[in-house]
1. Just name the residue that is farthest from ALA322 (Cα to Cα) out of those in region 249-273 that are acidic (Asp, Glu) and open to solvent by 10 Å² or more (accessible area, probe 1.4 Å).
2. Given GLY222, GLY206, which one is open to solvent by less than 10 Å² (accessible area, probe 1.4 Å) and either among the β-branched types (Val, Ile, Thr) or more than 14 Å from the ligand (Cβ to nearest atom) (or both)?
3. Which condition from (1) modelled with pLDDT of 95 or more; (2) over 24 Å from the mean Cα position of the chain (by Cα); (3) not in a helix (DSSP H, G or I) is the one that ALA421 breaks?
4. Return the total of residues in region 125-147 being surrounded by 21 or more Cβ atoms within 10 Å (Cβ to Cβ) and either modelled with pLDDT under 95 or within 11 Å of the ligand (Cβ to nearest atom) (or both).
5. Quick one: TRP71 ticks every box in (1) away from the ligand (no atom under 16 Å from the Cβ); (2) under 24 Å from the mean Cα position of the chain (by Cα) bar one, so which box is it?
6. Need the failing condition index for PHE398 against (1) under 26 Å from GLY260 (Cβ atoms); (2) crowded, with 22+ Cβ neighbours inside 10 Å, just the number.
7. Is it fair to say GLY155 is open to solvent by less than 40 Å² (accessible area, probe 1.4 Å) and in the same structural domain as LEU190 (by TED's automatic domain parsing)?
8. Of all residues in region 247-278, which are on the phi > 0 side of the Ramachandran plot and either within 16 Å of the ligand (Cβ to nearest atom) or hydrophobic (A, V, I, L, M, F, W, C) (or both)?
Amino acid sequence: MTETTSNTANTAPTTNAALYDAARAVIPGGVNSPVRAFGSVGGAPVSMVKAAGPYLTDAEGREYVDLVCSWGPMLLGHNHPAVVDAVHRAVDAGLSFGTSTPDELRLAELIAGKVPVDRVRMVSTGTEATMTAIRLARGATVRNLVVKFAGCYHGHSDGLLAAAGSGVATQSLPGSAGVTEAQAAETLVLPYNDRSALEETFTARGQEIAAVITEAAPCNMGVVTPEEGFNQFLRGITESHGALLIWDEVLTGFRASETGYWGLSGKVEGWTPDLWTFGKVIGGGMPTAAVAGRAEVMDLLAPLGPVYQAGTLSGNPVAMAAGLATLQNATGEVYDAITRRSQQLEQMLVGALTEAGVDHSIQRAGTLFSVAFGTSAGGVHNYADAQAQDTFRYAPFFHAMLEHGVYLPPSVFEAWFVSSAHDDSAMERIAAALPHAARAAAAATAPTS
Ligand SMILES: Cc1ncc(COP(=O)(O)O)c(C=O)c1O
């Protein structure tokens, strides 16, 4: 544990613990996003001050191999020179114009060149993107209901917070206070990978369902691999009932593979969703996201159509520059490197856990994976499976990794992220830390109450 220094008016806090104490006095819970709070692993969150390549440095000067990658965006590693250069040039040219810009056009064209979408509307967060997609689906179908899956997270707009995975799961919340019953009633929550539940729901209420929204591959209840044909089934059932399929690739987009999880699913099976949402990688570490899709649906957006959506900083030129430079540098070699590192990491993790006798399974979606403890018999197919795992093993595992210089997601319900900057020396540091963490997980005991 870190020693706490006092935070007087003249002494700026410098340790993680002191920074956390000071932050709690002025920021709710001391964090600006709940999953950062170490809620399920305990202890003071680590305050980072610097990042380079695969490494983060905290306020106390300790360096960590980063396996969070800003929750996905840092595909090329931190401070990639091409991205930093592009951002510097954009900053020199002006922080925000509140007008159209050439770079937003280039980024939209780049995205539309990688996946089959006709139109792309930039927004600032994934939450805005999914919220807009839902509004578009309702506008297009003149229906109210939305189907989502338990454990899938689509941002924090009111109607999408039911059984929303990672953040709420980590805080042990069933949903969120402040969401009206009317809004909650318009979201039908079904178990993931469950075709019968979908058939029953569409048989009963198909005429009222505007859209099914799904994570392309769920990564917010830990990774859950879609069962063979499940996404194609979603495409078919929505189409046959006149509902839209909203394909949330905020996390997986241009990360699970060069063409996102769609590249491993719809592209192979020959189908496309109606609407897509992107975020994270397309902003390269700056706040950018997008809703995209077929022209007939997307052109319902204002100013062309009746569905309103707007944003003061949408398509911000500095964010566009970061996103463009990231996607332009995301070559086939980058994805090959990330795939190789992610497989190497999985092998190292499985080796260490097996050696320590820790029952587990690995869930994978392209380059993304997560570990679930005590699940080797059945694996994890839905939120109920994810919650039933031996979650108590994760906190000691996480803290042992942290102590040995590896920064993991502070929740078992999250994917592990690698970048193309994770080199041999970063992997060696992880390899050295893993046996300690595996032994800590093995020694953990289930809480008695
Ligand atoms: C699949 C998915 N959709 C939407 C979001 C929301 O994105 P943001 O945090 O940018 O609002 C997230 C965030 O993690 C996500 O993983």
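1. For region 249-273, the residue satisfying everything is GLU269.
2. Working: GLY222 fails: either among the β-branched types (Val, Ile, Thr) or more than 14 Å from the ligand (Cβ to nearest atom) (or both).
None of the other options fit; the residue is GLY206.
3. Every listed condition holds for ALA421 apart from (2).
4. Count: 6.
5. Condition not satisfied by TRP71: (1).
6. Of (1) under 26 Å from GLY260 (Cβ atoms); (2) crowded, with 22+ Cβ neighbours inside 10 Å, only one is false for PHE398: (1).
7. It is true that GLY155 is open to solvent by less than 40 Å² (accessible area, probe 1.4 Å) and in the same structural domain as LEU190 (by TED's automatic domain parsing).
8. Looking only at region 247-278, we keep the residues that are on the phi > 0 side of the Ramachandran plot, and these are 254, 260, 270.
Across region 247-278, the qualifying residues are PHE254, GLY260.
The values are calculated or read from the model by the stated rules, or taken from the named source; none is laboratory data. A quick note: this is a predicted structure, and the numbers were derived from the prediction, not measured. Note that each Cβ is placed from the backbone with ideal geometry, even for glycine, and that neighbours are counted across all protein chains shown. Surface areas here come from the heavy atoms of the whole protein model, side chains and all, with no ligands, DNA or RNA. Shrake-Rupley method; radii C 1.70, N 1.55, O 1.52, S 1.80 Å.
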